[in-house]
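Visitor: What follows is a single structure, and I will ask about it in a moment.
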Amino acid sequence: MTLAATDPAVPPPRVAVVGGGPAGLMAAEVLAGGGCAVELFDAMPSVGRKFLLAGRGGLNITHAEDEARLRTRYGSASDWLEPALQGFGARRLREWVHALGIDTFVGTSGRVFPEGMKSAPLLRAWLHRLRGQGVRLRMRHRWTGFASAPAAGASIHLGFDTPEGPRVDAFDAVVLALGGASWARLGSDGRWWPLLAERAVPLAPLLPANCGFDAAWSTHFSPRFAGAPVKSVAAALAADAPMRQGEFVVTASGVEGSLVYALAAELRDRILAEGSATLWLDLLPDRSRERVQAELSRPRGARSLANHWRARLGLTGVKAGLLRECAAPAALADPAACAALIKALPVRLLAPRPIDEAISSAGGVRREACDARLMLGAVPGVFCAGEMLDWEAPTGGYLLTACLATGRLAGEGVLRWLADPSRA
């Protein structure tokens, strides 16, 4: 959408975008393309810092699965995010990347990456486009709140801490895209939460998502296996539930990694409700329980139990260590009981790791706080986008997809709101 041309003597609407991550940059692109004078503010010295960090190991921009399936990855927020994802889903996201002059490819897991797999070339091309559209970047400007109570039809006054001191500026509309509360050193510190709370914006507590968890490892297990990858395993939230296959890493205090992240939301919520949660592991997902029991039942002669596991099942290293750590010693000598534990080993988890260590965060601006354009009901003319909204998703490109999609929706929402003569 582009704002209708008016008197050339009248300046275009002035819009602030607060937050220089993917959601904010996308909102700025839409607004500038729609005829607004856009200023983008960020507390950091440069934009896209978390975006750049995400690309160090290969920037996963989206997922190639069916888009209807992709929308289900957002759990209870799927219906809320559906309009944004329908408007800017995986296919349109890839087309947008291609328009920046960067090709994409699909990995074996269905994850989509830019050519070269790095985020820096994409960000450079994007910033070149934004500067060409006239977007003005205001770095080292930390938003400190609303300088006056926003009212319908009035300018929105924002306060900032800047290198030159405090500053107050007025805008016709605002997009807040301040991220969650993970990786504070990169700018996502959640310091916006009380600034919206004091304006009676409905908020959910910020919680770690895609995070590791603490377990009460013994002093024997932890120093021996900290940092060890646990590969070719499966996990579930119940012993009789369907298992998800993958891998994770044992840490000095617990567990982390892709398989844990996939179940992190349910594990976190169960810990909050019950004080702990159990992660059930299948240490040998390619073998049936019957086969494992049959192998364990073979005579072991003078061999130790550890050598018997190695010879009959190839069970060694950290997997054998986990089995000893999480099972009663008496059960390990009984073939039936040991087989049952190998196929469903309970690992008790006590707490999620701190939010600043998490890949992303849950919580934030609740859906009832926003209208369909992502404008805050409590603060007219202020729109929200990205991870500061109350949704979460697993890794696999889903996080970035939703950040970009909601940034685009918020930008389009601003344009529609500015064009609405009844808003004054």
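Visitor: Would you confirm whether any residue within the stretch 290-309 is in contact with a helix residue (DSSP H, G or I) (Cβ under 8 Å, 6 or more places away or on another chain), touching a residue at least 60 places away in the same chain (Cβ under 8 Å) and open to solvent by 10 Å² or more (accessible area, probe 1.4 Å)?
Guide: No, the stretch 290-309 has no match at all.
Visitor: Then there is this: Checking S218 against (1) hydroxyl-bearing (S, T, Y); (2) assigned to a loop (DSSP other than H, G, I, E, B); (3) surrounded by 14 or more Cβ atoms within 10 Å (Cβ to Cβ), which test does it fail?
Guide: (3)
Visitor: Note down all Cβ pairs under 6 Å where the first residue falls in the stretch 89-108 and is among the hydroxyl-bearing types (S, T, Y), the second is open to solvent by less than 20 Å² (accessible area, probe 1.4 Å) and in a helix (DSSP H, G or I), and they're at least six residues apart or on different chains.
Guide: T104/V97
Visitor: Name the residue that is nearest to G21 (Cα to Cα), counting only residues in the stretch 367-390 that are small (G, A, S) and surrounded by fewer than 22 Cβ atoms within 10 Å (Cβ to Cβ).
Guide: If we filter the stretch 367-390 for residues that are small (G, A, S), which is where we start, we get 369, 372, 377-378, 381, 385-386.
Now drop any that are not surrounded by fewer than 22 Cβ atoms within 10 Å (Cβ to Cβ), which leaves 372, 377-378.
Numbers: A372: 22, G377: 24, A378: 24 Å.
For the stretch 367-390, the residue satisfying everything is A372.
Visitor: Counting just the residues of the stretch 156-213 that are modelled with pLDDT of 95 or more and in a helix (DSSP H, G or I), which one comes out surrounded by the most Cβ atoms within 10 Å (Cβ to Cβ)?
Guide: Ranking the candidates gives L196 first.
Visitor: Could you please give the count of residues in the stretch 95-118 that are open to solvent by less than 30 Å² (accessible area, probe 1.4 Å) and among the aliphatic types (A, V, I, L, M)?
Guide: The number of residues fulfilling the criteria is 4.
Visitor: For the stretch 340-366, give me the residue count where each residue is buried (at least 22 other Cβ atoms within 10 Å of the Cβ), more than 22 Å from L206 (Cβ to Cβ) and in contact with a Phe, Trp or Tyr (Cβ under 8 Å, 6 or more places away or on another chain).
Guide: 1
Visitor: On to the next question. Take the residues in the stretch 119-149 that are farther than 25 Å from P12 by Cα and of a type in the set (S, T, Y), then tell me which one is least open to solvent (accessible area, probe 1.4 Å).
Guide: Only one residue tops the list, namely S119.
Visitor: While we're on this one: Check A84, A68 and return the single one that is open to solvent by less than 60 Å² (accessible area, probe 1.4 Å), without any contact (Cβ under 8 Å) to a residue 24 or more places away in the chain and not β-branched (V, I, T). Show your work before the answer.
Guide: Details: A84 fails: without any contact (Cβ under 8 Å) to a residue 24 or more places away in the chain.
Sole residue among the options that is open to solvent by less than 60 Å² (accessible area, probe 1.4 Å), without any contact (Cβ under 8 Å) to a residue 24 or more places away in the chain and not β-branched (V, I, T): A68.
Visitor: Still on this structure: Tell me, please, whether a residue that is farther than 30 Å from P394 by Cβ, among the β-branched types (V, I, T) and more than 28 Å from the chain's Cα centre (by Cα) can be found in the stretch 174-185. Walk me through how you get there before you give the answer.
Guide: As a first pass, look at the stretch 174-185 and keep what is farther than 30 Å from P394 by Cβ: 174.
Pick out the ones that are also among the β-branched types (V, I, T) and you get 174.
Going one step further and asking which of them are more than 28 Å from the chain's Cα centre (by Cα), we end up with none.
The answer is no, given that none of the residues of the stretch 174-185 is farther than 30 Å from P394 by Cβ, among the β-branched types (V, I, T) and more than 28 Å from the chain's Cα centre (by Cα).
Visitor: Same structure again: Return the total of residues in the stretch 391-424 being open to solvent by 10 Å² or more (accessible area, probe 1.4 Å), more than 30 Å from G107 (Cβ to Cβ) and either assigned to a strand (DSSP E or B) or in contact (Cβ under 8 Å) with a residue 24 or more places away in the chain (or both).
Guide: Residues meeting the conditions: 7.
The values are calculated or read from the model by the stated rules, or taken from the named source; none is laboratory data. Everything quoted here is computed from the prediction, not taken from an experiment. Cβ atoms come from the backbone with ideal geometry, glycine included; neighbour counts cover every protein chain shown. These area figures cover heavy atoms from the full protein model, side chains too; ligands, DNA and RNA do not enter into them. Shrake-Rupley method; radii C 1.70, N 1.55, O 1.52, S 1.80 Å.
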